[in-house]
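The values are calculated or read from the model by the stated rules, or taken from the named source; none is laboratory data. It should be emphasised that the depicted structure is a prediction, and the values quoted were computed from it without experimental measurement. FYI the Cβ positions are ideal-geometry reconstructions off the backbone, even for glycines, and counts take in every protein chain you see. The protein model used for the area step is the full one, side chains on, heavy atoms only, and it has no ligands, DNA or RNA in it. Shrake-Rupley method; radii C 1.70, N 1.55, O 1.52, S 1.80 Å.
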Amino acid sequence: ELFEPKNCMRWVHPSLLQVLNQWQSGKKTDEEPTFQSFNVAIEGFKVEAPGIFSFPALTDEFCELLLQEVQHYRKSGLPSRAPNSMNNYGLVLNEIGMRPAFSAILKEVLLPIGARLFGSDEDRIKEVNGVAIESEDWGGSTLDDHHSFIVQYRPSDDKHLDMHIDECDVTFNFGITSHNNFEGNDLTFCGMFDSADHRKYHHTYKHVKGRCVVHSGKRRHGAMDIEKGERASLIMWTKSRSFRRTEAYRERNRKGLTYGDADRVCLSYTHDPDYKNLMPKKQQYHMKPREEGQAGNEVPLQTEKKWITVCPAADLSEGQSKLLNLKEENEQIAVFKHREELFALDNRCAHMGGSLCEGEIEDVGKENLGCSDSKATDGMVICPRHYMCFNLKTGENVEGDFTMKQKVYPVRLSSDGQHIEAGFV
């Protein structure tokens, strides 16, 4: 039932289905209905904020069957990969035979909505029920490709989603689980990737089962920490191949990310090189909801250095590592032994927070010296998540990406030589 494209209308929420049927019935013989004739004022449609919209989209039956299908696939032991570079738990639906079904949903259900909200100047509306939508053309009139997947959040697994932009033109995000099944994990939106307010708070959205929130893929957003239960979402990253070939698209993406003033809730530990300067240490690598009046440009105060015992010296062998996890301070220090010397780095990889303590240690080698005082015999640790390599002595990325550099901590043997100690501020 789920895999059959001709069933796509069966899964559409009655409010949306009514509007779709009215639109289709209004066409003339042998003539496709124009997007201008589609009434986006669906019962329950809401302008959440400028450029962000939500509407009732899917039936409860579809949500429940889709979750069951994901659970069945997981239990089967068949191969699967992470749905994207930031979510570890979920399933790529396109890769288990569901691409045709979601292609039908895109063409028959979502395309007219994309056209009216993010389409060409001819198709895009200015307001809904008297509320201005303030959106731009992101190829919504010609969406013809998609990456469709399920993401799942639990306190013990993927707890949150760091701030980011999507690799698509228009994002359709559907709540699949009931709001009674989880607490927290609100979706938080910030500015557009090329605007001065890219890192300024914009809107908070609470997921509702069967309801879709739609926005430009280039709007910064993330999911806050889930406090309890489990939440699943169906995500459709949609693209317009013809729009991506236009000069307007190339010009807009040529500008790149804009940094500047930041609200704390909009900071990204994955993408912002100034993250650790702006985010208080105890809040780093968490995603907490925005509080009124909360700023993001406060630099943590420096305090006195403390030395903490990591492990007995005999417990750290050559080429191995030990983790010092200071939960109260939200600090993780990875201590390494290479060529009989001790080194200590921030354990969380500057790329996407992977654990360096779980990585392999090798010599840097002649081709990855990085800085002038590096030697081929210096050690480097390889992050097991995406294989980023960092010099153990300098903390810098050996490939020369200066936006990714690990904090270096002092490390020593205790005065009696029996223990390894790391220092932190």
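What to note about this one:
- Count of residues meeting criterion [farther than 13 Å from Asn87 by Cβ and surrounded by 18 or more Cβ atoms within 10 Å (Cβ to Cβ)] in segment 140-175: 15
- Applying the criterion of at least 3 residues that are touching a Phe, Trp or Tyr at 6+ places or on another chain (Cβ under 7 Å) to the strands (runs of 3 or more DSSP E) found wholly in segment 199-276 leaves 211-216, 219-223, 226-229, 231-239.
- Residue list for segment 383-419, restricted to those being free of Cβ contacts under 8 Å to residues at least 60 places away in the same chain and in a strand (DSSP E or B): Cys389, Phe390, Asn391, Glu396, Asn397, Lys405
Every residue, every condition in (1) at pLDDT 95 or above; (2) over 30 Å from Gln18 (Cα atoms); (3) of a type in the set (Phe, Trp, Tyr), yes or no:
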residue	(1), (2), (3)
Ser80	no, yes, no
Gly114	yes, no, no
Leu117	yes, no, no
Asn129	no, no, no
Glu136	no, no, no
Thr142	yes, no, no
Phe149	yes, no, yes
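- Set Glu69, Glu108, Glu61, Glu95: member being of a type in the set (D, E, K, R), assigned to a helix (DSSP H, G or I), over 27 Å from Val40 (Cβ atoms) and touching a residue at least 24 places away in the same chain (Cβ under 8 Å): Glu69
- Screening Arg231 against (1) open to solvent by 30 Å² or more (accessible area, probe 1.4 Å); (2) closer than 18 Å to Leu67 by Cα leaves a single unmet condition, (1).
- Residue satisfying condition, being buried (at least 22 other Cβ atoms within 10 Å of the Cβ) and of a type in the set (A, V, I, L, M), within set Leu110, Leu187: Leu110
- Going through (1) in a helix (DSSP H, G or I); (2) open to solvent by 30 Å² or more (accessible area, probe 1.4 Å); (3) at pLDDT 95 or above; (4) under 23 Å from Asp166 (Cβ atoms) one by one, Arg124 falls short only on (1).
- Residue within segment 28-36 that is at pLDDT 95 or above, on the phi < 0 side of the Ramachandran plot, open to solvent by less than 50 Å² (accessible area, probe 1.4 Å) and not in a loop (DSSP other than H, G, I, E, B) present: no
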